[in-house]
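Step one of this worksheet: look at the structure below.
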Amino acid sequence: MATFVYTDAVVTINSVDLSDHVTKATLKIDVEDKDTTAFGGNGWKTRLGGLKEGTVELEFNQDFAASEVDATLWPLIGTVTSITIKPTSGSVSATNPEYSGSVLVKEYSPLDGSVGDVAKTSVSWPTSGAVSRATS
């Protein structure tokens, strides 16, 4: 897959496919920056990577129907649950990797908007444990 327009992502939370409600999906992976600078470095800092962590940020068109956004997210508040994200609905491959792991559902705003707005909700959840990248 070359450069593409993000129109067909797949997002599954706790085995529920909510892709048809997701309007934005971000997976960010960070690693701690550990300073290992010592004398003899000629004035340059040296570093090692420490612990890794991730964040999943999602924006949804809100839906209160059974098996949709609110019905899926509400019971998960305060729990660790599974999540998978892939760029397109095609088969998992080297050009369409699937990222999977667990997230702590630490926040959820079921109602968020102003008069005349499309009902949306956004979440930002930390990963819990390793994030995997599958290519087959």
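The values are calculated or read from the model by the stated rules, or taken from the named source; none is laboratory data. Keep in mind it's a predicted model, so treat the numbers as computed, not measured. Because the Cβ atoms are built from the backbone with ideal geometry, glycine has one as well, and the counts that use them run over all protein chains shown.
Some values worked out for this structure:
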| item | result |
| --- | --- |
| Extreme residue, modelled with the lowest pLDDT, among residues of the stretch 1-22 that are of a type in the set (S, T, N, Q) and exposed (fewer than 12 other Cβ atoms within 10 Å of the Cβ) | 3 |
| Set 80, 103, 92: member being touching a Leu at 6+ places or on another chain (Cβ under 6 Å) and either modelled with pLDDT of 95 or more or within 17 Å of residue 8 (Cβ to Cβ) (or both) | 80 |
| Residue in the stretch 84-92 that is under 15 Å from the mean Cα position of the chain (by Cα), buried (at least 16 other Cβ atoms within 10 Å of the Cβ), assigned to a strand (DSSP E or B) and not hydroxyl-bearing (Ser, Thr, Tyr) present | yes |
| Selected residue (criterion: surrounded by the most Cβ atoms within 10 Å (Cβ to Cβ)) from residues of the stretch 30-44 that are more than 30 Å from residue 129 (Cβ to Cβ) and of a type outside the set (S, T, N, Q) | 41 |
| Whichever residue in the stretch 65-79 is in contact (Cβ under 8 Å) with a residue 12 or more places away in the chain and surrounded by fewer than 17 Cβ atoms within 10 Å (Cβ to Cβ) and, among such residues, is farthest from residue 125 (Cα to Cα) | 67 |
| Elements of type strands (runs of 3 or more DSSP E) in the stretch 1-62, at least 2 residues being touching a residue at least 12 places away in the same chain (Cβ under 8 Å) and in contact with an Asp or Glu (Cβ under 6 Å, 6 or more places away or on another chain) | 22-35, 47-61 |
| Qualifying positions in the stretch 107-132 - within 17 Å of the chain's Cα centre (by Cα) and of a type in the set (S, T, N, Q) | 109, 121, 122, 124, 127, 128, 132 |
